[in-house]
1. Are any residues in region 84-102 open to solvent by 10 Å² or more (accessible area, probe 1.4 Å), touching a residue at least 40 places away in the same chain (Cβ under 8 Å) and touching a Pro at 6+ places or on another chain (Cβ under 8 Å), and if so, which ones?
2. Please work out which residue is modelled with the lowest pLDDT, limiting yourself to region 1-46 and to residues that are more than 14 Å from Trp221 (Cα to Cα), among the aromatic types (Phe, Trp, Tyr) and open to solvent by 70 Å² or more (accessible area, probe 1.4 Å).
3. If only one of Glu220, Glu239 is modelled with pLDDT of 75 or more, over 23 Å from Gly33 (Cβ atoms) and surrounded by 12 or more Cβ atoms within 10 Å (Cβ to Cβ), which one is it?
4. Which numbered condition trips up Val66, out of (1) of a type in the set (Val, Ile, Thr); (2) under 30 Å from Gly121 (Cα atoms); (3) at pLDDT below 90?
5. Any residue in region 177-193 that is modelled with pLDDT under 80 and at negative phi?
6. Based on what the data block shows, is Val115 open to solvent by less than 40 Å² (accessible area, probe 1.4 Å) and closer than 19 Å to Gly190 by Cα?
7. Which pairs turn up if I take residues in region 173-187 that are open to solvent by less than 20 Å² (accessible area, probe 1.4 Å) and outside any strand (DSSP E or B) and look for partners that are at pLDDT 90 or above and of a type outside the set (A, V, I, L, M, F, W, C) with beta carbon separation below 7 Å, at least 6 apart in sequence or on another chain?
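The values are calculated or read from the model by the stated rules, or taken from the named source; none is laboratory data. Owing to the predicted nature of the structure, the values given are computational and were not obtained by experimental measurement. Note: ideal-geometry Cβ built from the backbone for every residue, glycine included; neighbour counts use all protein chains shown. Surface areas here come from the heavy atoms of the whole protein model, side chains and all, with no ligands, DNA or RNA. Shrake-Rupley method; radii C 1.70, N 1.55, O 1.52, S 1.80 Å.
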Amino acid sequence: MYRFLLTPRWWGINVFVVLAIPFCIFMGSWQLGRFEDRVQDHHGATTQAESNRDESARPLAELLPVDKATVGKQVTASGRYGKQLLVPDRELDGKRGYYVLTLLRTDSGQALPVVRGWLPGDADPAKAPAPPAGEVTVSGALQATETPGDNGVSARGGLPAGQTAAISTASLVNLVPDDVYDAWVTLNKGDSGMRAVPVSAPQNTGLDLKAFQNLGYTAEWFAFVGFVVFMWFRLLRREVELARDAELGLVPDDTDGNQGGGDTEREPEPRPSPSGV
């Protein structure tokens, strides 16, 4: 009854199943590992953010370039405020508003983007407080340059003059006359009555949409394993039922008569001779 398993067709099916099951298990385990790594990064970033708040501020030059180990560290920098820009479409506590971004020209000649605070509503230069005049020293959390389209950062262009969608060197290079640091700072306390902007977690360290996509892919790959096994048993059961029906004679035999449904030629009946013989 099971001799059909040795046919070339079933050899192909069996080889496919034997290869597909471990492949799906491997891919599901890999996606699960990616999700677990993101969970660990999230916990590590949360722990690091808590410890960063208790650390003393260090000079900016000691923490550059910005990476996962230095994001959120307390830094201090001195200089004079220069050009001011607004960053629209930024939410804080579920409310829509904008950042007030002012370039701090340091002694090195480079400009450091400093987010002095957040205001609700549409970006309005008339409502944004002017920066303090003269030499100032700022303290805040170091942040990595933003990438348009990631972590809620807008990627739209065509903004009015005096606005930028992302706080990044690529976005600011054509808006300010000075060289810009590949980093920015958010003040610990909002300036001139504005609300302070919270520290952003490093990219790819939060439980964001990408993390839960990895978890969803994990479920899909393991579901494929069950589907492959289910289909193999279903095909096997179908073949066994056909074999049993053939043994019981329940399967029509196309070689006998016209049982196969096709037209067959019939021999003509003999015609009587006119003489009656």
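1. Gln84, Leu92
2. Selected residue: Tyr2.
3. On the way: Glu220 fails: over 23 Å from Gly33 (Cβ atoms).
So the residue among Glu220, Glu239 that is modelled with pLDDT of 75 or more, over 23 Å from Gly33 (Cβ atoms) and surrounded by 12 or more Cβ atoms within 10 Å (Cβ to Cβ) is Glu239.
4. Unmet for Val66, out of (1) of a type in the set (Val, Ile, Thr); (2) under 30 Å from Gly121 (Cα atoms); (3) at pLDDT below 90: (2).
5. Here is the first cut: in region 177-193, the residues modelled with pLDDT under 80 are none.
Among the residues of region 177-193, not one is modelled with pLDDT under 80 and at negative phi, which makes the answer no.
6. Values: open to solvent by less than 40 Å² (accessible area, probe 1.4 Å): yes; closer than 19 Å to Gly190 by Cα: yes.
Criteria met by Val115.
7. From region 173-187, the pairs are Val176/Lys83; Ala183/Gln143.
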